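The values are calculated or read from the model by the stated rules, or taken from the named source; none is laboratory data. Being a predicted model, the structure only gives us computed values, none of them experimental. Neighbour counts are summed over all protein chains in view; Cβ atoms, including those assigned to glycine, are modelled from backbone coordinates with ideal geometry. All accessible areas refer to the heavy atoms of the entire protein, side chains included, with ligands and DNA or RNA removed. Shrake-Rupley method; radii C 1.70, N 1.55, O 1.52, S 1.80 Å.
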Amino acid sequence: VKQKKRWLRIILLIPNTCRIEKHFQVLGKIGCLGESPGSGYLRAAYSDEETEAMRYIEKCALAMGAESRWDRLGNLSLLWQGSSGLFVETASHLDTVPFGGNFDGTAGVVAGLVAIEELLKSNKPLHHGFRLRIWRAEESATFNSVYAGSRGAFGQLDPKVLTHRYGGRTLAEAMLSQNADPEVVSSGTPTIEQHEVDSIVAHIELHIEQGNLLEKQGLDVGIVDSIRGPRRFLVTLTGKFDHSGATPMGTDYRRDVNLALGYIMVELDKLCKKAVANGSDLVQTTGVINSSEELNKSMPQVYQNAVPKVSGFGYFCLDIRSKNLAFLDSYCEDVKEAISQTAQRFNVQADTSLLSSSPPLEALSESVISALQQSASDLKISATVIPSGAGHDAAVVGSQKRSDNTAIPTGMIFIPCRGGESHCPEEYTSPEAIAKGAAVLALAMQKLSEPKPTI
Ligand SMILES: [Zn+2]
């Protein structure tokens, strides 16, 4: 009990806020798109900026006595060995979406660094070691591939994504530019081998919430119990371009793609509302209609659309997410059926192809969740249990099996972000909010690293 109280005092008394602020001042200059942070950020996946941010964290960790390891995909692990050969981990990413903020991902990396710094202060020999991972290329907005670094590390990244393009180059070319090896992806070779998977006692990712529930309820942290899996589709619609004045109305004369597209949107919204009303966990979004720069390059016929023409070609992208895999599978079949039936009504041909898919993590680890709950309660930091609407690398980690067939015990901490905003220049979370999250992270990592976890 005395030992426990000492730990609490250490974590509570040290003002981590200043250190967090200092890290953000440095990182705030890397990939900033203008004079001020208000201009937004771009640290694209496998860019010089992403690497520079990773190198900064590496330098700080080396000063704290870490061993540094870059894998062949350019993911970074910073480790502090313990006597057991096992590790309690924390992780996140430093890449951003275009015109994103400096907190999505970055808050988790900085919190992880500060939490481990706190844990090392006792100068006790470690039983389980600590590891901070920085994954490459978490964001899909650049190369249209979710969690490229973490999936690749477990040998589970679809090689097709190597040809995806962003900023005038393929993912494979971008990887080569940062000394990563695309051959690892094409051959499906894991960079985290089974013995390393087996060495992970627990894995915790801290992240900004990207929603406004915590802020609205005035809570300090969210403890995540499940992570929705995203499934994304590209739907192309082919009809016939015709003169808008000379072509009579009706499907006998017109194969109007824009009209079909409007009706498809309505049908999909009905389908979604029905599923939600039946109690299913589901969100569905059409983020792009004929307006992706990269896709327009590969489908230039979209530019034939004009004010005095019946539309003969168009496309849209769908993003469908649920925390329940079986439901997601069956719902996506219904969506495809609704698209093709509605298109047929307008004599339009619809082709639906899968852009990317990542399974949900239906349940995070109960032991990690309870370590996080106890840590928050010990520290008098207010917390609630919530699902994660956005996808995270933790979903990949938590679905990996150790040799005893159990999944890597994985958990997540959410911290509030202003107005629930993310992936935009306005994205912000305060150093105090990160410090509170880091305190919960540190105490949970400490509990989970003891020979007999005190939970
Ligand atoms: Zn993120």
Can you give me the number of residues within segment 103-130 that are open to solvent by 10 Å² or more (accessible area, probe 1.4 Å), in contact with a helix residue (DSSP H, G or I) (Cβ under 9 Å, 6 or more places away or on another chain) and farther than 12 Å from residue 206 by Cα? 6
Which residue pairs have Cβ atoms under 8 Å apart, sit 6 or more places apart or on different chains, and have a first residue in segment 24-49 that is among the polar types (S, T, N, Q) and a second that is open to solvent by less than 10 Å² (accessible area, probe 1.4 Å)? 47/95; 47/174
Please give the number of the condition residue 108 fails out of (1) assigned to a loop (DSSP other than H, G, I, E, B); (2) within 12 Å of the ligand (Cβ to nearest atom). (1)
Let me confirm something: among 46, 41, which residue is under 23 Å from the mean Cα position of the chain (by Cα), of a type in the set (Ser, Thr, Tyr), more than 18 Å from residue 152 (Cα to Cα) and surrounded by 18 or more Cβ atoms within 10 Å (Cβ to Cβ)? 41
Give segment 206-252 a look and list any residue that's within 16 Å of the ligand (Cβ to nearest atom) and either polar (S, T, N, Q) or open to solvent by 40 Å² or more (accessible area, probe 1.4 Å) (or both), or say none. 210, 228
Taking the stated definitions as given, is residue 306 of a type in the set (A, V, I, L, M) and either touching a His at 6+ places or on another chain (Cβ under 8 Å) or under 16 Å from residue 259 (Cβ atoms) (or both)? yes
What pairs can you find where one residue is in segment 123-138 and touching a residue at least 40 places away in the same chain (Cβ under 8 Å) and more than 23 Å from residue 72 (Cα to Cα), the other is of a type in the set (D, E, K, R) and open to solvent by 10 Å² or more (accessible area, probe 1.4 Å), and their Cβ atoms are less than 9 Å apart, with a gap of 6+ or different chains? 127/450; 128/450
I'd like the full set of residues that are in a loop (DSSP other than H, G, I, E, B), crowded, with 23+ Cβ neighbours inside 10 Å and polar (S, T, N, Q), limited to segment 423-455. 429
Confirm whether residue 141 is touching a helix residue (DSSP H, G or I) at 6+ places or on another chain (Cβ under 7 Å) and within 13 Å of the ligand (Cβ to nearest atom). no
If I ask for residues that are open to solvent by 10 Å² or more (accessible area, probe 1.4 Å) and either in contact (Cβ under 8 Å) with a residue 40 or more places away in the chain or in contact with a strand residue (DSSP E or B) (Cβ under 8 Å, 6 or more places away or on another chain) (or both), which ones from segment 63-74 would you list? 64, 65, 66, 67, 68, 69, 70, 71, 72
Scan of segment 223-276 for residues that are of a type in the set (Lys, Arg) and free of Cβ contacts under 8 Å to residues at least 24 places away in the same chain, ordered by number: 270, 273, 274
Does segment 295-306 contain any residue that is at pLDDT below 95, under 28 Å from residue 98 (Cα atoms) and open to solvent by less than 40 Å² (accessible area, probe 1.4 Å)? yes
All but one of (1) away from the ligand (no atom under 16 Å from the Cβ); (2) surrounded by 24 or more Cβ atoms within 10 Å (Cβ to Cβ); (3) part of a helix (DSSP H, G or I) hold for residue 53; state the number of the condition that does not hold. (1)
Candidate set: segment 386-419, residues that are assigned to a loop (DSSP other than H, G, I, E, B) and touching an Asp or Glu at 6+ places or on another chain (Cβ under 7 Å); chosen: the one farthest from the ligand (Cβ to nearest atom): 403
Subset of segment 81-105, residues near the ligand (Cβ under 10 Å from one of its atoms), outside any loop (DSSP other than H, G, I, E, B), closer than 18 Å to residue 57 by Cα and not hydroxyl-bearing (Ser, Thr, Tyr), comes to 93
